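Novice: One structure coming up, written as structure tokens, with questions to follow.
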Amino acid sequence: VLAPALPRTRRSRFVVMGGCWSFREQRPAVPGTACEKSLRLQPVSLASMLDGSCEPNSEKMCYPSAAQAPAHLGFACRRGLKAECWAQNQDSWCAQLVPHNFTALGVFDGHGHTGHIVSDLVKRALMTEVAASLRPRNADQEMIVRRSYNNLQHALRSNPRFGASLSGTTATVVVHDVQRQSLLVSHVGDSKAVLLSRKKNGFMAQELTQDHRPEMIRERLRIARLGGDVVFDGRCHRVVKPGVPSALNMSRSLGDVEAHELCGVSSDPDVQVRAVRPQDAALLLASDGVWDVMSPQEAADILSRFPPNQAMKAARELADTAVARWLVLTDGTEADDVTVLLTWLSSPSSCADSDASTQSDISPISTGSGSAA
């Protein structure tokens, strides 16, 4: 695991604690630029949230980013072009890499006035909890993950200072168990996870998640049963109820306390475990700033032009393409926040062997090279 400019003992402790590095861009996105900033995170447990000892913190600290990442991990997080000049980048992402053990990836797309705080907070708490589901090998992983999402929703509801009454976030987390060669996929909302499999002359995209949309039959039935309604506003379907100020275009999320309590929005994630096949090459997670302007197969076609040791370049190319499409579609007036997280499913040692020429500036720690982001 890699960490910038930290003593070796501190970095080793960082690995054991399962902390993470996260990178977010603070300036408006311009195609062709790469301007990420990083945030040093301390692990946050659900217990510390529930007992009130953890305060939300959206302070950002700047470190070099791209040079710290291993060649098989790529990321880009672009602030969109928004009418409100004060609007922040509400996307967040994390990657925890423990060589020869597991890789955990997460993308969180906030919404509402304090969505950036909620997405940061959820990122801090949920990633550690979901990754911990791998430790007791005989436990029911799906049950542990479900409980983590719902406990986190309880924490957000019980602590008004977290600002989640009318703000919330999507959450998509995928854990690659390197030893078992399996993927543990969980999500609420519409930040997709896509598996890229090798085919002749490129990649084939397979969606690992299905967006939680209010118009889906199972979602609409639950919403109606719990007192909400689904309406079409001319652009998309939304969850509404007279007297409730929220109007979400998704049927599951974390936060959004009033919509959960009064309109039937749910925090219960879809969870699945699937095997990694020999032809499965890479894992892509992205916010809807990507998926609103391109299909998963279009994204796969863009990424297929890059070799495994250029994951960073590939992720930034995909993000820049999404931003450019937003600007074309809106005549340069609007672009959503765009987050791309890409990793190859090869073991860290395999990537190091194939990418030796690109790894000279990355000093490995412990048993292999990696990055926590």
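No lab work stands behind these numbers, since they all come straight from the coordinates. This structure is a prediction, so every number in the text was calculated from the model and none was measured. Counting neighbours? That spans all protein chains shown, and the Cβs are built from the backbone with ideal geometry, glycine included.
Novice: Calculate, in nm to one decimal, what ARG235 and ASP270 gain on full extension: separation in residues at 0.36 nm each, minus their alpha carbon distance. Intermediate results must be reported in sequence, preceding the final value.
Specialist: Numbers: separation 35, 0.36 × 35 = 12.60 nm, distance 2.54 nm.
Contour length minus Cα-Cα distance gives 10.1 nm.
Novice: Could you compute the FRET efficiency for HIS113 and LYS200, with r as their C-beta to C-beta distance and R0 at 51 Å, rounded to 0.05? Before the final figure, lay out each step's value.
Specialist: Numbers: r = 48 Å, r/R0 = 0.95.
Rounded to the nearest 0.05, the efficiency is 0.60.
Novice: List, in the order given, every pair from LYS123/LYS241; LYS200/LYS313; LYS123/LYS192; LYS123/LYS200; LYS82/LYS192 whose Cα-Cα distance in the structure shown is over 25 Å. Provide the component values of the computation, followed by the final result.
Specialist: Values: LYS123/LYS241 29 Å; LYS200/LYS313 22 Å; LYS123/LYS192 16 Å; LYS123/LYS200 37 Å; LYS82/LYS192 22 Å.
Over 25 Å apart, Cα to Cα: LYS123/LYS241; LYS123/LYS200.
Novice: Using a simple spin-label model with points 7 Å from Cα along the Cα→Cβ vector, what separation in nm is obtained for ASP292 and LEU226?
Specialist: Calculated label separation equals 2.4 nm.
Novice: Can you compute the modelled spin-label distance between ASP140 and ARG277, with each label point 7 Å from Cα toward Cβ, in nm?
Specialist: Distance between label points: 2.9 nm.
Novice: Something else now. Quick one: if you take sqrt(5λ) for each eigenvalue of the C-alpha gyration tensor of segment 222-274, what semi-axes come out, biggest first, whole angstrom?
Specialist: Working: eigenvalues 82, 35, 19 Å².
After scaling each eigenvalue by five and taking roots: 20, 13, 10 Å.
Novice: Once the principal axes of the Cα atoms of segment 195-323 are found, what is the range along each, listed largest first in whole angstroms?
Specialist: 53, 33, 22
Novice: Quote the FRET efficiency, to the nearest 0.05, computed for GLU261 versus GLU207 with a Förster distance R0 of 45 Å and r equal to the Cβ-Cβ distance.
Specialist: Details: r = 30 Å, r/R0 = 0.68.
That gives a FRET efficiency of 0.90.
Novice: Select from segment 206-310 those trypsin sites (Lys or Arg not before Pro) which occupy a DSSP coil region and have at most 10 other Cβ atoms within 10 Å, ordered by residue number.
Specialist: Details: sites: ARG218, ARG220, ARG222, ARG225, ARG235, ARG238, ARG252, ARG274, ARG305; in loops: ARG235, ARG305.
Here the trypsin sites (Lys or Arg not before Pro) that fit, given the DSSP loop and packing criteria, are ARG235.
Novice: Same structure again: On full extension of the chain, what length is gained from ILE217 through GLU84, given 0.36 nm per residue of separation minus the C-alpha to C-alpha distance? Each step should come with its number before you reach the end.
Specialist: Values: separation 133, 0.36 × 133 = 47.88 nm, distance 3.50 nm.
Computed gain between ILE217 and GLU84 is 44.4 nm.
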